[in-house]
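Please read the structure below before turning to the comments.
The values are calculated or read from the model by the stated rules, or taken from the named source; none is laboratory data. Keep in mind that what you see is a predicted model, and the values were worked out from it rather than measured. Ideal geometry is used to build each Cβ from the backbone, glycine not excepted, and the neighbour counts take in all protein chains shown. When the accessible area is computed, the model is the full protein with side chains, heavy atoms only, and any ligands, DNA or RNA have been set aside. Shrake-Rupley method; radii C 1.70, N 1.55, O 1.52, S 1.80 Å.
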Amino acid sequence: MHERIQIFSIVGSIGLLTLIFELVRRRRLKEKYSLVWLFTGFALLAVATIPGLLNSFGQVMGIYYTPTAFFLIAFFFLTLISLQFSVVISRLSERNKTMSQEVALLKQRIEELEKQGGRG
Amino acid sequence: MRLLAIIPAYNEEATVGRVVAEIHSAMPDADVVVINDGSADSTASAAAASGAAVVNMPFNLGIGGAVQAGYRYAEQGGYDIAVQVDGDGQHDPSEMSAIAGPIMAGEADIVVGSRFLGRSGAAGFKSTRMRRIGISLFARVLSAMTGHRLTDPTSGFRACGRKTIRLFAREYPDDYPEVESLLLAHLAGFRIAEEPVKMRARGGGHSSITPIKSVYYMVKVMMVLFIWLVRKKPEREVWDA
């Protein structure tokens, strides 16, 4: 890999890892969701610092321009992360729906009880 | 048997009161709950004035979420039968007892009012041509998938028994709930039946589906239907108490 892109990749990976650590430390990012990010950061750092890894990966995949292999790996992890987001969003929206239904039913129940004279 | 009419309503101030009044006169023993799905108009006060119980959703959940709130209400209230009636006046409450009939007789777990079945086939409001093509396409696919003869799967005029109420209170589809809920009921092993009904042109409001979007809608529903082919069955504990 060319020196410049290697330096850029290393700096970028370290920057990403630092940002993730900082977000977890400040509790802005839950540990549960930080794992896949940390894994991505370390994987990118590993392939950036050890050119042999990327070269052999590139050969296995039939990639002749090595930096492309780096982007392929990054793309793979980002795909996983966005898939995880979709799963989490699906669960959240289901829970959000259930909660708003329960809140609405409870409000109706309270109004009903108040009408029956439970207010006093 | 205790019967609940569930009326999902989104901006139906012009018609919802009349629907509730018609249900009261057609079935005096039935309770009525209006699920006001975050309407911007005075649906809530119109429904309350008509004497129905009103559940006000905190924001617009969409038809699936609103109807499910109705099934939760039915389950928590211990009702034996829940009949879904649209708030726009297109369903005739005098036909509620016919739809609830097979449930009371123990012959079906969910009954759909069909505007294309039997004697009603000749009269009544049948929707636009484009819409009818879509409906008959869904009907054929659903009939093949479920093994029941279904002619009007997009009809929101339907009755459910206890088991179905319990299932729908816990799991109900969001996107195309009329069609998908039939597949959910089928996966649970429920008996699905249809009863002929006449539908009226809607009394107010407007359809949620514009003509331009019809084709796109059909494609999306077909894709969703095929996803159901690989869905896991709902756990028996969900509906079997």
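Cut-off under 28 Å on the C-alpha distance; same-chain residues fewer than 8 positions from B:Lys232 excluded. Which lysines are left, in chain and number order? The qualifying lysines are A:Lys32, A:Lys97, B:Lys163, B:Lys220. Please identify the longest segment of chain B free of exposed GluC sites (Glu not before Pro), where exposed means a DSSP state other than H, G, I, E or B and no more than 13 other Cβ atoms within 10 Å. Answer from the scan: B:108-234.
Look at the alpha carbon pairs under 8 Å that are at least 6 residues apart: their mean separation over the length of chain B gives a relative contact order of 23 percent. Got a number for carbon plus sulfur as a percent of segment A:3-87's accessible area, 1.4 Å probe? Summing carbon and sulfur atoms, their accessible area is 72 percent of the total for segment A:3-87. Using a 1.4 angstrom probe on protein heavy atoms only, the contact between A and B buries about 1200 square angstrom of accessible area, both sides summed.
Is any helix in chain B, taking whole DSSP H runs, at least 18 angstrom long along its axis by alpha carbon and on average at least 0.0 on the Kyte-Doolittle scale, and which ones? In chain B, the long hydrophobic H runs are B:129-146, B:214-228. When DSSP beta bridges are limited to those with both residues in the protein assembly as shown, what percentage is antiparallel, rounded to the nearest 5? Given both bridge residues lie in the protein assembly as shown, the antiparallel proportion sits at roughly 25 percent.
Computed over protein heavy atoms with a 1.4 Å probe, the accessible surface of chain B works out to 43 Å² per residue. Going from the isolated chain to the complete set of protein chains, segment A:91-120 loses at least 30 Å² of heavy-atom accessible area (1.4 Å probe) at A:Lys97, A:Ser100, A:Gln101, A:Glu102, A:Ala104, A:Leu105, A:Gln108. Over chain A, Cα pairs under 8 Å with separation of 6+ residues give a relative contact order of 22 percent. On the protein heavy atoms, probe 1.4 angstrom, tell me the percent of accessible surface of segment B:3-239 carried by carbon and sulfur. Of all accessible area on segment B:3-239, carbon and sulfur atoms account for 54 percent. Around the amide H of B:Arg115, modelled in the peptide plane, lie the amide H atoms of B:Val197, all under 5 Å away and 5 or more residues distant in sequence or on another chain.
Assuming charge only on the beta carbon of Lys and Arg (+1) and of Asp and Glu (-1), the dipole of chain A about its Cα centre is about 420 debye to the nearest 20.
Rolling a 1.4 angstrom probe over the protein heavy atoms with all chains in place gives chain A an accessible area of 72 Å² per residue.
Go through segment B:40-66 and flag every residue whose accessible area shrinks by 30 Å² or more with all protein chains in place compared to the isolated chain (probe 1.4 Å). Buried-area filter returns B:Val55, B:Asn56, B:Pro58, B:Phe59, B:Leu61.
Cross-link partners for B:Lys198 among the lysines, with Cα-Cα distance under 22 Å and sequence neighbours closer than 8 places in the same chain left out: B:Lys126.
If only the Cβ of Lys and Arg carry +1 and only the Cβ of Asp and Glu carry -1, the dipole of the protein assembly as shown around its Cα centre is close to 800 debye.
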